[in-house]
Each structure stands twice: as structure tokens, then as C-alpha cells.
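Here is the structure we will look at, set down as C-alpha cells.
The values are calculated or read from the model by the stated rules, or taken from the named source; none is laboratory data. As the structure is a prediction and not an experimental result, all values here were calculated from the model. Quick reminder, even Gly has a Cβ in these numbers, built from the backbone with ideal geometry, and neighbours come from all protein chains shown.
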């Protein structure tokens, strides 16, 4: 059998989590919270079950949830999105991303990505017969070199993928970044944008620069979001995609045949949670407190923090400690120190190693204090 993804290996997240379990280490590698979710949200789930909201939801998603999303976007960005024709509820952002690629890409189309990149982008592009073009963010700021982007655009370029706030780098886009992207889209009208904004509510510095705020970009963009990241329920795999009507029509053609619809009970609960509580408004200060606490606890560590302006991940440079490659370093400190992290070279097509590891701080205060104490002993 000829594999469609011959170079895919066991995920580093699986490797590090298994190693953490084996060694009894604190797992700060995978990006999931270890604290309890809102009791109100739980109550809304129970209410949905009591009301028998358990059958198929509409293909595009429940109307009450799509209306709640449109209201949130209006309050957040002061723009109007049509809840009927521009919003689709998905089985997490990853399904949305795969659906976008499936709907838009043809064999030999090129898609520009920025490394370090979320690991689903590349294989999802390749499965369409398209070609991922990997560019690297500028280290250590993890910013985009727009001159390099322009130099790599060809007649085959179909899409540019951006991730803001950025996982794993924790960097965020500025207004000038969006202007640069606008210039490219105006000069190349056949290029579309996929903007992965799943950490939109976890940005600590500046105002979130969504492509939805740009009239030019909005008409050419798919934007993906995640309730799992926002409401600490990653296992629900619930997200959504916002795109103009013409693009949403193409998106839904694929969506209806790969999942058709998404968990109805959870949609009911999230719709109620968004309309009857402060929900998403409280997310940023909640995580900012965790980030600030963890960085304060790490002040005496030899691990040097890099900028963390968004997401619930922080990058640390370990070059003052060791010259090991980052995979070996991450594995060693898991075994010897008792804290599991993620080496960042795995997010690069060329396995670029800047001697940096990613640490998740979406954990209880007790967990963060224990982990920081151990890391400061290195």
C-alpha cells in the first residue's frame, strides 16, 4: 500500500505525554487545562439533556448559537456578520481547517505557511494534492517577514495561512501586519486567507487584530475559532468558521459530507452560556493572571522567557543550560526534573532548533508552582 502521508510519525504530544505518565512527571506539554470548568456551563449541559436536545442539529449549526456568535463579534469587533450565511459550527477548529483546505484546494495549488506551525496544517494540505510552502517566522520575535512572503508568491499560490495569536510562539499580529496582508491580497486577487484565531480571547498585549476587521481581507478569508480554547473544554471539539457567503457555500458543501453536524447538546449549552453570562469576556484576565504568575515563579530559572503576548503557552530559551537538541533536552528534563515540555523544532518543516521549549500554563496555581520550583532547579 502506498501511504498518502508517508512521513507522518507518532505525534510529539503523544510521545511527551506518554513519557510524562511513565516518569510521573508534571505534564506541561499538551495544551489542555487541568482545572474545573464553569458550573454554570455544566448546568446548561444538564439542562440540554433534560430538554432532550440530543438529536441532529442543523447542518450549519444551531441558530441560537450562531446568533450568539454574531452578537459576540458585533460587541467585540463592531462589525456585523450574518448568522445564517456566514457562520458554520464545526467539530473543533481542526475540522474547520481541514474542511477549508478540502473545499478550496486543487492538486498543485500552493499554500504559504509560517513555521513554527500548528501540526495539522501541512498534512491537511498534502491530502488535497496541494503543496505547502513553509516560511519561517523571524526568531526570537516570531514575526512575519512580509518581503519573504511576497518573494514566495507564484502563479500557483492559492492561500496564505496565518495563526493569531500564534501557537506555539505566543506572538500576535499588529495592525501593520494586516496592512501588509491587505496589500498582498489586493495585488493577488486569486489568493485566499485562512486565519486561525482560536486563541482570540487569550491575547495579553494590544488589541486582537482579526482579519474580520478589514473590509479587504474579510471578503477573501476563512476564520476559524475554538470554544474548547475559550471555555476550557478542549474535549468537546466544538468550534466554528466565519466566512463571506460565497466562501461559506463552498465550505458547507464539504462540511455536510465529513461531519454534517456537531454535538447538539453542547451547542445548546454554549449558546446559553454565551448569552446569559460574561463567559468570553472573562477569559483574557483569567489567563493573564496565570501567565504573570508563572513568569514570576520562573524568574530565578536559567530558562529565559521569550515574549508571550497571547495563547496559554510560553516559550523558554534553554541555550544557557545545554547544547542538546531540543527533543533530547525535553525528554531529559522530563525524566530527570519531572516536568514535560514540548520541543519547538517539531513545529518546523526543516526541524529548525533554536534551543527553545514550549510550556503550557493552562494549569492550576498549585501545578504551576510545583512545576516552576522543579524547573528553577535545572
Does residue 334 count as on the phi > 0 side of the Ramachandran plot and crowded, with 22+ Cβ neighbours inside 10 Å? no
Output the number of residues of region 173-196 satisfying the condition of being surrounded by 24 or more Cβ atoms within 10 Å (Cβ to Cβ) and in a loop (DSSP other than H, G, I, E, B). 1
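To keep it simple, each residue is scored yes or no on (1) over 24 Å from residue 186 (Cβ atoms); (2) assigned by TED's automatic domain parsing to the domain that holds residue 357; (3) surrounded by fewer than 19 Cβ atoms within 10 Å (Cβ to Cβ).
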| position | (1), (2), (3) |
| --- | --- |
| 61 | yes, no, no |
| 76 | yes, no, yes |
| 96 | yes, no, no |
| 112 | no, no, no |
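Being assigned to a loop (DSSP other than H, G, I, E, B) and closer than 30 Å to residue 65 by Cα narrows it down to one of 102, 85, so name that one.
Matching residue, one of 102, 85: 85.
Hey, among 266, 274, 284, which residue is touching a strand residue (DSSP E or B) at 6+ places or on another chain (Cβ under 8 Å) and either assigned to a helix (DSSP H, G or I) or farther than 24 Å from residue 316 by Cα (or both)?
Of 266, 274, 284, the one residue that is touching a strand residue (DSSP E or B) at 6+ places or on another chain (Cβ under 8 Å) and either assigned to a helix (DSSP H, G or I) or farther than 24 Å from residue 316 by Cα (or both) is 284.
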Can you confirm whether region 31-51 contains a residue that is surrounded by 20 or more Cβ atoms within 10 Å (Cβ to Cβ), part of a loop (DSSP other than H, G, I, E, B) and outside the structural domain of residue 349 (by TED's automatic domain parsing)? no
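For residue 371, indicate whether it is in contact with a helix residue (DSSP H, G or I) (Cβ under 9 Å, 6 or more places away or on another chain), surrounded by 17 or more Cβ atoms within 10 Å (Cβ to Cβ) and not in a helix (DSSP H, G or I).
Values: in contact with a helix residue (DSSP H, G or I) (Cβ under 9 Å, 6 or more places away or on another chain): yes; surrounded by 17 or more Cβ atoms within 10 Å (Cβ to Cβ): yes; not in a helix (DSSP H, G or I): no.
Taking the combined requirement at face value, the residue does not satisfy it.
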From 316, 257, which residue is crowded, with 17+ Cβ neighbours inside 10 Å and either not in a strand (DSSP E or B) or not assigned by TED's automatic domain parsing to the domain that holds residue 80 (or both)? 316
Any residue that is outside any loop (DSSP other than H, G, I, E, B), touching a residue at least 40 places away in the same chain (Cβ under 8 Å) and more than 21 Å from residue 244 (Cβ to Cβ) - is there at least one of those in region 56-65? yes
Hey, any hits in region 296-308 for a residue that's modelled with pLDDT of 95 or more and under 13 Å from residue 28 (Cα atoms)? no
Would you mind stating whether residue 294 is more than 15 Å from residue 228 (Cα to Cα), buried (at least 21 other Cβ atoms within 10 Å of the Cβ) and assigned by TED's automatic domain parsing to the domain that holds residue 60? no
Within region 7-30, take every residue that is modelled with pLDDT of 90 or more and outside any helix (DSSP H, G or I) and give me the one that is surrounded by the most Cβ atoms within 10 Å (Cβ to Cβ). 28
Failed condition for residue 362, given (1) in a helix (DSSP H, G or I); (2) outside the structural domain of residue 74 (by TED's automatic domain parsing): (1)
Based on this model, can you work out whether residue 207 counts as free of Cβ contacts under 8 Å to residues at least 12 places away in the same chain, within 30 Å of residue 285 (Cβ to Cβ) and in a loop (DSSP other than H, G, I, E, B)? yes
